[in-house]
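The values are calculated or read from the model by the stated rules, or taken from the named source; none is laboratory data. Quantities reported herein were computed from a predicted structural model and do not represent experimental measurements. We place every Cβ from the backbone using ideal geometry, glycine too, and count neighbours over all the protein chains shown.
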Amino acid sequence: MKNRDMILRGIPISPGVSIGKLFVFNRYKLPSKINRSKLNVDKEMLKLQKAFDEAKNELEKIRKHIGDMLGSDYSAILDAQLLFLDDEELHKAIYKQIKENKMTAEMAFRSVLKQYLTDIEKQTTSNYLRERAMDFKDVGMRVVDKLGGILTSNIKDAKGKIVVANDLSPTELLNLSQESIAGIILASGGKTSHTVIVARALEIPMVIQVKEIIDKSQMDMNAIIDGKGGIVVLNPSEKTKRQFEKKKKEYLDELNDLKGISDLEAVTVDGAKLDLVANIEIPLEVNIALHNGARGIGLYRTEFLYLEKGFPPTIEEMYRDYSNVAKKMAPYSVIIRTIDLGADKLLNDIYYGKEDNPFLGWRGIRICLEKELIFKEQITAILKASLDGEVKIMLPMVSTVEEVIRAKEIIAEVKASMNYPKDRYVDLGIMIEVPSAALMSDKLAQMVDFFSIGSNDLTQYTLAVDRGNHKVTYLYDPLHPSVLKLIKMTIENAHKNDIWVGVCGEMAGDPYAIPILIGLGVDELSMSPISIPVAKKIIRNLSMSEAKIVANKSLNHQNGKEIREDINKEIEEKFVSLKGVFNLGRIEHDNI
Ligand code: PEP
Ligand code: MG
């Protein structure tokens, strides 16, 4: 039978192209039946203890392996699982099942584990606890295996293959990664899960939310994964294989081209220096940022801690994370953005009511100024962390001057209440992501220490196009001259008032946008950590005078398409050596 390409799409998570066979990851079979009358309680308890000890030994080994490979932050992922194995209540509950209900150690363990997971599932909508449930499931399966449960997938068989699963826990991925797997395709999976972060750190191509993958895939089926395009091809034809072989080679050549760049500075050929910094959501990403040569954190999105718990974290919890990031990034600075909840990031604990237009509603600084206590607690945590490193505060969704005045008053109140040292100053910046803020940037620049342009929202609000609505994706373009004009105005007003200005939306890492942004005069670009090497390479090959010409021309175009065509021409004629990195860093329009 002739191979027919079956193309599936998902969310691109970790770049790279692999062509090979699928390994469908299955968990465990059901336990076999036993004769209850012959059950010996002591023997079953001994079996259980032995299984726990073996599971612990294995986990310790994986922890060491991953610690050696990626550092202690990653190995700490396993702490929850190790603690779980020592839980006294768990041991008691299993013992009860064995003794009173005449269950084998395996059955008793499975039933207690199931109850644990059901309780968590019932009690919470919190992503945080759901992730912990995944941890328990994971370590539970390891124990079941030791108790004689049969693994239907032998992980060793995954060597060199593309792993398919509904979801994977970080430990499962760490296990699999010891077999140098060629890629990961998940049917579900969250964009900011620990599994995703580990896959990126290990540089394994990964695509998530490929909804049909479980139904359509079979063990050892031929397949292709393109981790940057978010594409999976099952049963590829020879022609498709050749096409992706080419893509893979290009990708590897491009990567090769970037070797060693992370240690270099982002300076144009005529000596203009840019600050290239990273966007992060959880502290673990600092390692990836540093590895890719980030010289600071330009946007630390802090909603994650709230959303994973489902309610506001304690000051201590926030402080621990913020301080951890600040210490690790020192001497570079960390810009902590106060919570940008609302719109599509809702928290159980805050009543939002039903909003007809949530993106135009109660969001970001608007919530903080009304829910003052929540805001004050976060500011307290940030100020505490500022004593441990170089920390700056940034406010999201600012649309009026009054919001900044009030936020400054609250910050001053918090400082006074905590006796913040008089000789310490924490810079305050705002995001420019609402057109009114860009248009009022002359006034706003007199009130703060820096601006950071949130081009994701600035594009959405300027062009009146919902950034998450696929029906109108064709209209969503940060390179639209209308957006560029607002950016230009913002930069000019910032510089007139002697403050610096950065860009922290996705466009900061888009090769097409970089020449324009530096030509318009931005001082800092903050992007996803894995985009930094490409951005550095582009900057190091451009001159400021060339960038200015590109920027000026762009402002006179009619749309973003014309701008890209212009830049493509420049590359063909003048910057042929940059063709590879442009390809590598290009933002797929669909995935903005
Ligand atoms: C932006 O709007 O560009 C931005 C960086 O903020 P977020 O994507 O978190 O809304
Ligand atoms: Mg935004």
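The selection criterion, being surrounded by fewer than 22 Cβ atoms within 10 Å (Cβ to Cβ), over 19 Å from THR459 (Cα atoms), without any contact (Cβ under 8 Å) to a residue 60 or more places away in the chain and more than 16 Å from ligand 2 (Cβ to nearest atom), holds for ASP498. Selection of the range 452-465 for residues being away from ligand 2 (no atom under 13 Å from the Cβ) and surrounded by 15 or more Cβ atoms within 10 Å (Cβ to Cβ) yields LEU463, VAL465. Looking across the range 70-121, the residues that are part of a helix (DSSP H, G or I), touching a residue at least 24 places away in the same chain (Cβ under 8 Å) and among the small types (Gly, Ala, Ser) come down to ALA80, ALA105, ALA108. Restricting to the range 72-106, give me the number of residues that are under 23 Å from the mean Cα position of the chain (by Cα) and loosely packed, with under 15 Cβ neighbours inside 10 Å. So the count comes out to 3. Taking the numbered list (1) within 23 Å of GLY296 (Cα to Cα); (2) part of a helix (DSSP H, G or I) in turn, GLU413 passes all entries but (1). Only residues that are in contact (Cβ under 8 Å) with a residue 12 or more places away in the chain and of a type in the set (Lys, Arg) were counted in the range 36-69, giving 5.
Matching residues to (1) in contact (Cβ under 8 Å) with a residue 60 or more places away in the chain; (2) among the charged types (D, E, K, R); (3) part of a strand (DSSP E or B); (4) in contact with a Ser or Thr (Cβ under 6 Å, 6 or more places away or on another chain):
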| site | (1), (2), (3), (4) |
| --- | --- |
| GLU308 | yes, yes, no, no |
| PRO313 | no, no, no, no |
| TYR319 | yes, no, no, no |
| ASN324 | no, no, no, no |
| LYS327 | yes, yes, no, no |
| GLU355 | no, yes, no, no |
| TRP362 | no, no, no, no |
| ARG366 | no, yes, no, no |
| PHE375 | no, no, no, no |
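When the test is whether a residue is assigned to a loop (DSSP other than H, G, I, E, B), at pLDDT 95 or above and in the same structural domain as ALA272 (by TED's automatic domain parsing), VAL522 passes it.
Can you find even one residue in the range 543-550 that is in contact with a helix residue (DSSP H, G or I) (Cβ under 6 Å, 6 or more places away or on another chain), among the polar types (S, T, N, Q) and more than 16 Å from ligand 2 (Cβ to nearest atom)?
No, the range 543-550 contains no residue that is in contact with a helix residue (DSSP H, G or I) (Cβ under 6 Å, 6 or more places away or on another chain), among the polar types (S, T, N, Q) and more than 16 Å from ligand 2 (Cβ to nearest atom).
Listed here are the residues, each with its yes/no results for (1) over 26 Å from LYS50 (Cα atoms); (2) at pLDDT 85 or above.
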residue	(1), (2)
GLN97	no, yes
ALA105	no, yes
MET134	no, no
ILE150	no, no
LYS156	no, no
VAL163	yes, yes
LEU173	no, no
GLY183	yes, yes
LEU186	yes, yes
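Summed over the range 270-289, the residues that are hydrophobic (A, V, I, L, M, F, W, C), at pLDDT below 95 and more than 16 Å from ligand 1 (Cβ to nearest atom) give a count of 3. Return the residues of the range 251-299 that are part of a loop (DSSP other than H, G, I, E, B) and over 21 Å from the mean Cα position of the chain (by Cα); say none if nothing qualifies. Those that are part of a loop (DSSP other than H, G, I, E, B) and over 21 Å from the mean Cα position of the chain (by Cα): LEU258, LYS259, GLY260, LEU264, GLU265, ALA266, THR268, VAL269, ASP270, GLY271, ALA272, LEU274. Do the conditions hold for MET544, that is, is it buried (at least 22 other Cβ atoms within 10 Å of the Cβ) and in the same structural domain as VAL472 (by TED's automatic domain parsing)? No: the conditions fail for MET544. Only a single item in (1) surrounded by 15 or more Cβ atoms within 10 Å (Cβ to Cβ); (2) modelled with pLDDT of 95 or more is not met by ILE567, and it is number (2).
Which of the residues spanning the range 416-475 are more than 16 Å from ligand 1 (Cβ to nearest atom), outside any helix (DSSP H, G or I) and under 27 Å from the mean Cα position of the chain (by Cα)? Result: VAL426, ASP427, LEU428. If the condition is being more than 15 Å from ILE315 (Cα to Cα) and away from ligand 2 (no atom under 16 Å from the Cβ), then the range 368-386 contributes LEU369, GLU370, LYS371. In this entry, GLY509 passes the filter for residues that are within 21 Å of ILE335 (Cβ to Cβ), within 16 Å of ligand 1 (Cβ to nearest atom) and not hydroxyl-bearing (Ser, Thr, Tyr).
Residue count for the range 466-495 satisfying the condition of being surrounded by fewer than 17 Cβ atoms within 10 Å (Cβ to Cβ) and of a type in the set (S, T, N, Q): 3.
The set of residues in the range 364-391 that are within 16 Å of ligand 1 (Cβ to nearest atom) and buried (at least 23 other Cβ atoms within 10 Å of the Cβ) comprises GLY364, ILE365, CYS368, GLN378. Scanning the range 477-506 for residues that are within 12 Å of ligand 1 (Cβ to nearest atom) and modelled with pLDDT of 95 or more, we see that the one that is nearest to LYS548 (Cα to Cα) is ILE487. The lone criterion from (1) touching a strand residue (DSSP E or B) at 6+ places or on another chain (Cβ under 9 Å); (2) within 13 Å of ligand 2 (Cβ to nearest atom) left unmet by LEU486 is number (2). Counting the residues of the range 211-245 that are part of a loop (DSSP other than H, G, I, E, B) and under 14 Å from LEU22 (Cα atoms) gives 7. Remark: ILE518 matches the filter, which requires a residue to be under 26 Å from ASP257 (Cα atoms) and β-branched (Val, Ile, Thr).
Taken over the range 538-584, the criterion of being closer than 23 Å to PRO481 by Cβ and basic (Lys, Arg) is satisfied by LYS548, LYS553, LYS561, ARG564, LYS569, LYS574.
Reported count of residues in the range 400-409, each being touching a helix residue (DSSP H, G or I) at 6+ places or on another chain (Cβ under 6 Å) and closer than 14 Å to ILE379 by Cα, is 1. When restricted to residues that are more than 16 Å from ligand 2 (Cβ to nearest atom) and surrounded by fewer than 17 Cβ atoms within 10 Å (Cβ to Cβ), the range 397-441 contains 20.
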